[in-house]
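What follows draws every value from the coordinates through simple rules; no lab data is involved. Since we're looking at a predicted model, the values are computed, not measured. Virtual Cβ from ideal backbone geometry, glycine too; neighbours counted across all protein chains shown.
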Amino acid sequence: MDNLRYWLGFNLVRGIGPVRLRALLESFGDVQAAWEAPEADLCLVGLDQRSLKNLVLARRQVDLEQLQLKIEAAGITALTWDDPAYPMLLRQIPDAPPVLYVKGNLTVADEWAVGLVGTRKPTPYGREVARLLASELVSNGVTVVSGLARGVDGIAHQAALDAGGRTLAVLGSGLDQIYPREHSALAERIAAQGALLSDYPLGTRPEAMNFPPRNRIISGLSLGVVVVEAALSSGALITADFAADHGREVFAVPGSILGTSSAGCNRLLRDGAHVVTEVGDILETLRLDQLASKQQVREVLPANPTEARVLAQLSAEPCYVDDLARSVGLPMEAVTSTLVMLELKGMVRQVGMLQYVVARESEEPYSAE
C-alpha cells in the first residue's frame, strides 16, 4: 500500500487516535494529504495545540520510509483501515485501531473467534477450566483470542496450541517487546500457529497504562468474551465491559461464593452474563455449534442473484431487515429467507434484533449478473 508509511507516521503521534484521525481523513481526503497538511489548515479542523506540536515534530524527525522498512524487516505486517485484510469483526467497533501490527497470519477461520480471559493468579480450578475450554473451542474450529498475560491468558494460548488449533494474542506493547518475558517461547509458537497483534508501534514498552486499552482489541476480534476466573479488581472485567459496549456476548464461569477468586465472574453472572458450565454453552449461544456445516456450505453453494443483491447492501455497519428490503427492492419474505441462507454459509451475521452485518469482505465482489 503506497500510503502505508503515512498511517505508520500518524500511529507515532501522541494525541492523534481513532477519533482525531477520522476527522483529519474526512477533512483532507486521504492520509497522505492529512500528514502533509499546512499547520494553519490543521488548526482549522480543530487539532489541539499539543497534538499539533507532536505531529509537526514527528513530520520533522521521522523518516517514514525507514520506519516502514524496519517493520517489514521484523517480519511484521501493518494493516490499516484502508486494507481489505483488516479483520472485519475488529473493524466494526467504534474505537478500532487505525493501524494493527500483525506477526503471523490472520485467516478466514479467525472470523469465528472467542476471547478467553481471566486472572493472572488462577486457582487450580481456574487453570483446569481455562485449559479445558480453550482446547474444546479449537477442537470445534474456533480461534481463541487472549492477551498473553500470566495465568488464564497464557494457559488458554498454550491449550489452544497443544490441541492443534489457532490462537491470537493481543499485546499491550510493541510486537518486539514480549511481556512477560517468560512467554517469549509461547509467543513464537503463537506467531507460527496464529498471530501476535498490537496497535502499539515497535519499541513501545509494556507499561501498565497500555493494557486496559488493548483489551478492546481482544473484544473486537471476538464474537464473544469468556471470563474464566476473575476477582472484582481483575483486568479481565475491563475486557468484559468492552465486549458489552461492542454488542458482543459476555460469558462467565461460575465459582465459589466463599472466596475472592471468582467474585468478578459471579458479579457478571448476576448482571446478566451467560453462564458457562461446558463449551456447548458458548458454541450454542454464538451459533458456532454448526461451524463445520457453515464452512462446508460456504464452499459448496454458489451465490445466486438474490443473494448477491442482499450481500452487496450489507457492510460492517448493522442494517435492519426492513431497511435492507427497501434498498434491494425485494419482498420482506425473500430478504429474510436469503439472510437465513447467507448466515448458514457464514457470509452474514445477526448482531441484534433483525439487524445484520457481513461476516467478512469477499475476496472477489459478488455480481448479480
Worksheet entry | Which of ARG267, ARG131 has the fewest Cβ neighbours within 10 Å, and the rest in rising order | ARG267, ARG131
Discussion item. If I histogram all Cα-Cα distances within the chain using bins 10 Å wide from 0, what percent of pairs lands in each bin?
Written reply: 5, 23, 30, 25, 15, 3, 0
Fill in: Cα-projected label distance for LEU69 with ASP82, points at 7 Å along beta-carbon direction, nm
2.1 nm
Worksheet item: Which of the aspartates and glutamates could a cross-linker bridge to LYS103, judged by Cα under 17 Å and excluding same-chain residues fewer than eight apart?
Response: GLU72, ASP83, ASP176, GLU188, ASP199
Item to complete: Please identify which residues in segment 302-323 have an amide N closer than 11 Å to a label point set 7 Å out from the Cα of MET332, following the Cα→Cβ vector.
Response: 321-323
Fill in: FRET efficiency estimate (nearest 0.05) - Cβ-Cβ, ARG22 to ASP323, R0 30 angstrom
0.80
Worksheet, complete the sentence: Within segment 161-176, the residues whose backbone N lies under 18 Å from a label point placed 7 Å from the Cα of GLU188 along the Cα-to-Cβ direction are 161-162, 169, 175-176
Worksheet, complete the sentence: Here the gain from full extension of ASP30 to THR123, 0.36 nm per residue of separation minus their alpha-carbon distance, amounts to 28.4 nm
Response to the item:
For the pair ARG287 and LEU52, the simple spin-label estimate (label points 7 Å beyond Cα toward Cβ) gives in nm 4.9 nm
Item to complete: Nearest 5 is fine: what % of DSSP beta bridges in the chain come out antiparallel, could you say?
Response: 40 percent
Response to the item:
Note: ALA208 to CYS43 extended length (0.36 nm per residue) minus current alpha-carbon separation gives 56.2 nm
Worksheet entry | GLU343 versus ASN304: modelled label distance in nm, points set 7 Å from Cα along the beta carbon direction | 1.9 nm
Response to the item:
Interchain or sequence-distant (5+) residues whose placed amide H lies within less than 5 Å of the amide H of HIS274 are VAL250, PHE251, ALA252
